[in-house]
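Visitor: My questions will all concern the structure given below.
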Amino acid sequence: MVKDSNPPKLPGLGRRPKKLFRAIVLAGAAAMAAVSPVSAKAPAQTPVAESARSVPQAEHQQMNMIFVLVDDLRFDAMGFLTPGLQTPNIDYLARNGTYFPNAVVTSSLCSPSRATILTGETARNHGVIDNSNSSEKGLTFFPSYLQQAGYQTAFFGKWHMGDATDAPRPGFDRWVSFAGQGTYWPTERLSPAEVAAGKRQQLNVDGTHVNRTGYITDELTDYALDWLKQGRDRSRPFFLYLSHKAVHSDPEPPLRYKDQYADLKVTLPASAANTPENNAGKPVWVRNQRNSWHGIDFPYHTDRKMTDYLRDYYATLSPVDESLGKILHYLRDYGLERNTMVVFYSDNGFMVGDHGLIDKRNAYEPSVRVPLLVYAPGTIPAGAVNQALVRNLDLAPTFLEAAGVAKPAQMEGSSFLSLAEGKTAAKDWNPGDFVYEYYWDVSFPQTPTTFAIERDGMKYIQYHGIWDIEELYDVRHDPEEMHNLIDDPKHLETKVTLRKALFDQLANRQGEHHIPYTEKFSEGIVKRNVDGPHAADFPADWYTKPNLPTAFNGYYRDTPEKLKADEEGKTYIPGGRSGE
């Protein structure tokens, strides 16, 4: 097995110069640049020669589209970025397509992100705010517009959005899905008696429930390929949405990959350590969360080491990579490779101990950043790296533009097709500020309602309904977000400006500022490890003496004048005279 020693620090990769990006993408790949996608028949992922037989002519001239969505895939969990990982088909897309290292999601949680992908709307407008039973009422999913333009559409996999049902949704001619998170295996979460009686987890296939027969990634791939080969009208363009369960917790690789990374040396982020240096400038909730369901000290309420978790996480990605290889081979074998755009993406990022946290939900870089690769030979430049900040909000408009469909009025994102085609440079791409929203989840109360905005490399984060500090990071120079600049006098103007911009942009389309929430039906996942760290203290500078002249200064809007009064220990009176 592969062993890597001292892998590079990758959390800040997306903020590095373009030349370095290109070097990273191409490093170690030169010898494979001309090979075809990897054969997916066996776990020994070895490149194969291009098919020797002649391929038929392309069936039509309109652009087909295949969207491969992975669940919880960390932005750097790909072989061309992290030495030791074996993802030859994903790497193939990077070498032969365009890689977007600064792709982000506007809400880092399964259901809200998936709703944004499907609607082109933000959570405050589409209303799917957590993984509970949010309504899909009134929403239009972009494949419906593709159908109107003559496309055949198909969905295979995890829906997990809105109403908790696996029933077929509007916009899809072919439907294969399952309820909720689903399971990796057909007998998972069933009792021995149920298994003995023949009960199995099921798939909803066009409205009919059928028993599962194998590993979920393999099953979904087989359904998708069957539709491509025999279930569609070959005279029409197609849109295929392949939505994997992998690599969501708890990742479970198939037996053929079970020990793939047994010898891989895994290095966690330096910020995973519970040290004064790492905790400096971090909110109380962050320090408290490390000993929780979503913390490195008590991950999912187990004593499992994150290094062991990651080995299974990476191995669970291998069948997804294998699936991608099968799809790429199909496109080549049937003469569709130069007529089809493949987009590889994740619904959110993943923390592996960064700042003591695991999973996602927060506004830190490893949570909001996701992989994005676009591949279409002859249309999308090969081996290109585009540093533009692209959001999940922008996917629906992009797919529609590729189909020649105008963006509907309710969609808030912008098509990045011209970026992917190399017709627009990253410096000329201006979709606006990156605004992030996450709403407190009653079932997982560790993470508060979080709002963030990024403009010109400065990220401002604030929290709603808790007694805690704000955060401000220069992510271009501090990509690991270790230095909170929120109280730095040099950044007062930036803080004030971004606060106002964030508030303005968080208004819904009615101009309202509402905090949505769903029904509380239990106490939630609230336990802490009895032997782990206890509650964190407040910031030291919050402790002060009574009866000071500055006692009420914190109530007023931040201004240079107020800052001066604070520094001088004087009372601040807006528009008036400050004094002792």
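The values are calculated or read from the model by the stated rules, or taken from the named source; none is laboratory data. Note that the structure is predicted; figures quoted are calculated from it, not measured. Glycine gets a Cβ as well: all are built from the backbone with ideal geometry, and neighbour counts include every protein chain shown. Note: accessible area is taken over every heavy atom of the protein model, side chains too, but ligands, DNA and RNA are not part of it. Shrake-Rupley method; radii C 1.70, N 1.55, O 1.52, S 1.80 Å.
Visitor: Restricting to the stretch 58-99, what's the tally of residues that are assigned to a loop (DSSP other than H, G, I, E, B), of a type in the set (A, V, I, L, M, F, W, C), buried (at least 23 other Cβ atoms within 10 Å of the Cβ) and in contact with a strand residue (DSSP E or B) (Cβ under 7 Å, 6 or more places away or on another chain)?
Guide: The number of residues fulfilling the criteria is 2.
Visitor: Still on this structure, I have one more. Give the residue that is farthest from V286 (Cα to Cα), with candidates limited to residues of the stretch 342-396 that are among the small types (G, A, S) and within 12 Å of the chain's Cα centre (by Cα).
Guide: Looking at the filtered set, the residue picked out is S346.
Visitor: For D541, work out the one condition from (1) in a loop (DSSP other than H, G, I, E, B); (2) modelled with pLDDT under 95; (3) loosely packed, with under 11 Cβ neighbours inside 10 Å it doesn't fulfil.
Guide: Tallying (1) in a loop (DSSP other than H, G, I, E, B); (2) modelled with pLDDT under 95; (3) loosely packed, with under 11 Cβ neighbours inside 10 Å, D541 fails exactly one: (1).
Visitor: Of the conditions (1) open to solvent by less than 10 Å² (accessible area, probe 1.4 Å); (2) within 22 Å of F416 (Cβ to Cβ), S144 fails just one. Which one is it?
Guide: It fails just one condition, (1).
Visitor: Now, a different point. If the requirement is being farther than 22 Å from F350 by Cβ and of a type in the set (G, A, S), which of these qualifies: G198, G182?
Guide: Numbers: G182 fails: farther than 22 Å from F350 by Cβ.
Answer to the check: G198.
Visitor: Among residues belonging to the stretch 441-469 that are assigned to a strand (DSSP E or B) and of a type in the set (A, V, I, L, M), point out the one that is surrounded by the fewest Cβ atoms within 10 Å (Cβ to Cβ).
Guide: M458
Visitor: In the stretch 184-202, what residues are buried (at least 16 other Cβ atoms within 10 Å of the Cβ) and either touching a helix residue (DSSP H, G or I) at 6+ places or on another chain (Cβ under 7 Å) or in contact (Cβ under 8 Å) with a residue 60 or more places away in the chain (or both)?
Guide: If the condition is that a residue be buried (at least 16 other Cβ atoms within 10 Å of the Cβ) and either touching a helix residue (DSSP H, G or I) at 6+ places or on another chain (Cβ under 7 Å) or in contact (Cβ under 8 Å) with a residue 60 or more places away in the chain (or both), then Y184 is the only one that fits.
Visitor: Also: I'm told W285 meets every condition in (1) surrounded by fewer than 23 Cβ atoms within 10 Å (Cβ to Cβ); (2) in contact with a Lys or Arg (Cβ under 9 Å, 6 or more places away or on another chain); (3) under 23 Å from T450 (Cα atoms) except one. Can you identify the failing condition by its number?
Guide: Unmet condition: (2).
Visitor: I'd like to verify a number: residues in the stretch 551-560 that are more than 40 Å from the chain's Cα centre (by Cα) and either at pLDDT 95 or above or surrounded by fewer than 12 Cβ atoms within 10 Å (Cβ to Cβ) (or both), how many?
Guide: The qualifying residues number 1.
Visitor: Under the condition of being of a type in the set (A, V, I, L, M, F, W, C) and open to solvent by 50 Å² or more (accessible area, probe 1.4 Å), which residue from the stretch 526-537 is nearest to H126 (Cα to Cα)?
Guide: V526
Visitor: Can you pull out the residues in the stretch 493-516 that are assigned to a loop (DSSP other than H, G, I, E, B) and open to solvent by 60 Å² or more (accessible area, probe 1.4 Å)?
Guide: If we filter the stretch 493-516 for residues that are assigned to a loop (DSSP other than H, G, I, E, B), which is where we start, we get 506-516.
Result: R509, Q510, E512, H513, H514, I515.
Visitor: Could you grab the pairs with beta carbons closer than 7 Å, sequence gap of 6+ or different chains, first residue in the stretch 467-491 and closer than 24 Å to Q387 by Cα, second one in a helix (DSSP H, G or I) and modelled with pLDDT under 95?
Guide: V475/R15; R476/R15; P479/R15
Visitor: Among the candidates A246, A224, A179, which residue alone is open to solvent by less than 70 Å² (accessible area, probe 1.4 Å), farther than 18 Å from Q152 by Cα, in contact (Cβ under 8 Å) with a residue 40 or more places away in the chain and not charged (D, E, K, R)?
Guide: Step by step, each of A246, A224, A179 is checked, and only A246 is open to solvent by less than 70 Å² (accessible area, probe 1.4 Å), farther than 18 Å from Q152 by Cα, in contact (Cβ under 8 Å) with a residue 40 or more places away in the chain and not charged (D, E, K, R).
Visitor: Failed condition for K265, given (1) in contact with a helix residue (DSSP H, G or I) (Cβ under 8 Å, 6 or more places away or on another chain); (2) within 23 Å of F75 (Cβ to Cβ), with all others met?
Guide: (1)
Visitor: Okay, next question. Hey, any hits in the stretch 249-270 for a residue that's of a type outside the set (K, R), in a helix (DSSP H, G or I), under 30 Å from P539 (Cβ atoms) and at pLDDT 95 or above?
Guide: There is at least one residue in the stretch 249-270 that is of a type outside the set (K, R), in a helix (DSSP H, G or I), under 30 Å from P539 (Cβ atoms) and at pLDDT 95 or above.
Visitor: Any residue that is open to solvent by 10 Å² or more (accessible area, probe 1.4 Å), touching a Phe, Trp or Tyr at 6+ places or on another chain (Cβ under 6 Å) and assigned to a loop (DSSP other than H, G, I, E, B) - is there at least one of those in the stretch 470-492?
Guide: no
Visitor: Now a separate question. In this structure, is K564 surrounded by 11 or more Cβ atoms within 10 Å (Cβ to Cβ) and either in contact (Cβ under 8 Å) with a residue 60 or more places away in the chain or touching a Cys at 6+ places or on another chain (Cβ under 9 Å) (or both)? Reasoning before the result, please.
Guide: Details: surrounded by 11 or more Cβ atoms within 10 Å (Cβ to Cβ): yes; either in contact (Cβ under 8 Å) with a residue 60 or more places away in the chain or touching a Cys at 6+ places or on another chain (Cβ under 9 Å) (or both): no.
Judged against the criteria, K564 is not a match.
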